Every structure is written in structure tokens, then in C-alpha cells.
Amino acid sequence: MDYPKNVPGVGLVNGKFVDENPLTGAPGSLVPAAWGNGVTEEIINVIKSAGLEPDEAKTDQLVRAIRSLGSQDFKNSVRAASTTAMSLSGTQPVDNVAIVVGDRVLVKNQALAAQNGIFIVQAGTWIRAGDFASNTDVTTNAIVAVDEGTINGSSIWQLVTTAPIDIGVTPLHFEIAVGPTGVVEGTYRSVTVDRRGRVQGGSNPTTLQGYGITDAIRSDRFVYSPSAPLSTDGAVGTLWLQYEAP
């Protein structure tokens, strides 16, 4: 949305509306219906997207809507996410992504966890993203997806720090909720999982020991014979199975 600079006859001065000047007789600017309706529709759409019903008698709905949208748990995705502690200044590779000014980056590995969060890349010092910059924006269980990266690409991260959160003071800790673990797709008879149920490893054991079973009889301790065992047959712990000869 912008001023109707390309609409003829509006009467903008330096790109902005002006009042009529009764002393000089200069006419005031005109507000085109299409532009006025467009501004109104844009504001109404923001209000509705926050779950509010537009009411012309209420003058705080836009502010309430912006606050509500900013405090939602699902945040706009970031281009990349850190893998180690990093300097929050200038353009630099992040998880093998050549980030540029304006990119969103999830910072999650700082030695001082209060410095973690979602940032906008700047030529100088990075700034916190608008949807993750205030105490009302940063909520427990906030979720953000990562678009690119060798390690973190196509993953989703969740803020697990509990309330109350004081941005810049409270340590912010993120855990991966969804994303690659390095396990090759396939069928496994035995898997290990993390606390979120994500498969971290898989194998296909061929022995009882491979399944972690320790209270079984070894295969070499089974004897299958048509004859009954003698006192000199077998060893302690042997299982003798006698079958009837045809």
C-alpha cells in the first residue's frame, strides 16, 4: 500500500496529501474511492486474520490484531539456522548458506543463550526480527521452519524455554521438532529414538544378542535326537529334544 501517486488529479504535494489553502486558493488533495477502499480493505484483512470482527466503533483493533499476529506460535520461516556460536554482524555463511542483508536467520547456539532468537541480517549489527523482538512476540513453544542449509535445511525448531520470557535476558533454548536425522530410509527391525520419537539410528540384528536378549539358550546347546540322553551326553545347560523315529 502506498499513496496514490500514479492517479491523475489527486493533487499530492511531494507525494503526500495536503489540505486546501483558503489564503492562496490552492485546492486540497482528493482521495480516490478505489484508493480509500483499498486502504480500508487492507486494514480489515489484518483485523480479520487475527480473528477479530471489524467494528467501526473500535479504534484499537489494528493494534490488537498486530499484537495478536506477532504473538502467534508459528513464525515466518528463516532462510538458515546456526550450527555453532556466531558473530551477529555482517553477511557470513550460515550452515553453508550464503546469507545476504535482509535474510532471516535462526540463531540457537550462542554461548549466552539470551542472545539466541530470530534475527534479520544487516551489513552491521543484526537486529531481532519483528515477530520475535518483544516479550509478547517470544512465546513458549514458538515454532519456526528452516528453508536451507546442509544440516538444518527443511527442519522445524521449537522454543522450549518456559514463561515468563524477558527478551535479551532470558536464555532461549530451541529443540528440533521435525527434520532429517541422517538415518537412511528403509525398514529396520531395531531403532533408537530421541525424546520426541524421532528415529536416530536403525539396524537389522540377526542374533538374539543383537536384539538385547540375554536370557536365552544358545543354538549350540540344543540337541535334537531320536534317542534319550545318556548321563554322559551334553553339557550343563543343554536342552535335549527327543523325537519319535518313524
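The values are calculated or read from the model by the stated rules, or taken from the named source; none is laboratory data. Keep in mind that this is a model prediction, so the values were computed, not measured. Neighbour counts are summed over all protein chains in view; Cβ atoms, including those assigned to glycine, are modelled from backbone coordinates with ideal geometry.
Quick one: would you say VAL39 is closer than 30 Å to ARG64 by Cα, free of Cβ contacts under 8 Å to residues at least 40 places away in the same chain, of a type in the set (A, V, I, L, M) and part of a loop (DSSP other than H, G, I, E, B)?
no
Scan PHE17, PHE119, PHE74 and give me the residue that is in contact (Cβ under 8 Å) with a residue 12 or more places away in the chain, loosely packed, with under 13 Cβ neighbours inside 10 Å and not small (Gly, Ala, Ser).
PHE74
Do we have any residue at all in the stretch 99-107 that's on the phi > 0 side of the Ramachandran plot and either buried (at least 20 other Cβ atoms within 10 Å of the Cβ) or not β-branched (Val, Ile, Thr) (or both)?
yes
Tell me, which residue of the stretch 48-92 that is of a type in the set (Lys, Arg) and not in a helix (DSSP H, G or I) is farthest from TRP157 (Cα to Cα)?
Pass one, the stretch 48-92, residues of a type in the set (Lys, Arg): 48, 58, 64, 67, 75, 79.
Subsequent filtering for residues that are not in a helix (DSSP H, G or I) retains 58, 75, 79.
Numbers: LYS58: 37, LYS75: 10, ARG79: 13 Å.
Ranking the qualifying residues of the stretch 48-92, first place goes to LYS58.
Looking only at the stretch 61-120, which residues are more than 20 Å from THR136 (Cβ to Cβ) and among the basic types (Lys, Arg)?
ARG79, LYS108
Could you check, for the stretch 62-77, whether at least one of its residues is under 19 Å from ILE151 (Cβ atoms) and within 35 Å of the chain's Cα centre (by Cα)?
Within the stretch 62-77, one or more residues are under 19 Å from ILE151 (Cβ atoms) and within 35 Å of the chain's Cα centre (by Cα).
Please tell me if ALA113 is touching a residue at least 60 places away in the same chain (Cβ under 8 Å), of a type in the set (A, V, I, L, M, F, W, C) and either in the same structural domain as TRP157 (by TED's automatic domain parsing) or surrounded by 14 or more Cβ atoms within 10 Å (Cβ to Cβ) (or both).
Here the answer is yes, as ALA113 does meet what is asked.
Please determine whether any residue of the stretch 102-110 is more than 13 Å from the chain's Cα centre (by Cα), farther than 18 Å from ILE176 by Cα and modelled with pLDDT of 95 or more.
Looking for residues that are more than 13 Å from the chain's Cα centre (by Cα), farther than 18 Å from ILE176 by Cα and modelled with pLDDT of 95 or more, one finds at least one in the stretch 102-110, hence yes.
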